Amino acid sequence: FLCQKRFLDPFFHVKKVLRLTRNERRIRVLKEVVDEFAYDVIARKRRLSSHGSPLGPDLLSRFVEHGRQTNEEISDSELRDVVMNVILAGRDTTACALSWLFFELTRKKDVVEKIIEEVELVCGVGENADYSYDTMGKLKYC
C-alpha cells in the first residue's frame with residue numbers, strides 16, 4: 001500500500017527527504033532500527049575475524065573472511081546490504097512457501113487428516129500437548 005502511494009505521488013521524493021508525512025518519519029525510524037541491527041551483526045563478525053576466531057558458514061562470515069584474506073576491505077555499508085538482502089529474501093521465500101503449502105493442503109483433505117493424526121499422536125492433545133522443537137522433530141509425515 002505504501003509503495004503504491006509513493007509511486008503515484010509526484011512529490012514523493014520531496015516528502016521523503018523532508019520527512020513531511022507520518023509514514024516517511026516512521027520509515028526513517030524503522031530503517032535506523034534495522035541499520036543498527038545489521039551494523040551490530042557486522043561489528044561482531046569483524047571482531048571475531050580480527051581475533052582469528054573461526055567464523056560460521058553463513059554468508060556474512062564468508063564475505064568478512066574473504067575480505068580479510070584478500071586484504072580487500074568490504075565496507076560496512078556493502079555488508080549491511082548483504083545482511084538486508086538475506087533477511088528480505090528469507091522472509092519472502094518463507095512466506096511464499098507457506099502460502100503454497102496451505103493452498104495445497106486445502107486441496108488434499110486426506111493429507112491434512114494424516115498430519116493431524118500424527119501431531120496428536122506424537123505431541124499429544126489439549127493442555128498436555130508438547131509442541132517443543134524436540135518433539136516436533138519426531139514428526140515423520142510432516
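Structural remarks
- Site pair residue 115 and residue 19 shows an inter-label distance of 4.4 nm when each label is modelled 7 Å from Cα along Cα→Cβ.
- With Cα atoms, 0 to 90° folded angle of helix 59-70 axis to the chain main axis: 40
- Rounded Å value of the spacing that divides the Cα centres of the range 97-141 and the range 48-96: 35
- Lysine pairs in the chain with Cα atoms under 22 Å, if 8 or more residues apart or on separate chains: 10
- Excluding exposed DSSP-loop trypsin sites (Lys or Arg not before Pro) (at most 13 other C-beta within 10 Å), longest clean stretch of the chain: 1-107
- Rounded to 10°, Cα long-axis angle of helix 76-107 versus longest principal axis of the chain: 30
- At most 15 other Cβ within 10 Å, DSSP loop - GluC sites (Glu not before Pro), the range 40-96: 72, 73
- In this Cβ point-charge picture (+1 for Lys and Arg, -1 for Asp and Glu), the chain has a dipole of about 820 debye about its Cα centre.
- Helix 22-50 vs. the chain, principal-axis angle (Cα, 0 to 90°, nearest 10): 90
- Cα lying deepest toward the dipole's positive end in the range 17-142, options 17, 77, 38, charges on Cβ: 17
Every read-out reported here was derived from the displayed coordinates using simple, explicitly stated rules and does not represent laboratory data. These numbers were taken from a predicted model, which means no experiment stands behind them. FYI the Cβ positions are ideal-geometry reconstructions off the backbone, even for glycines, and counts take in every protein chain you see.
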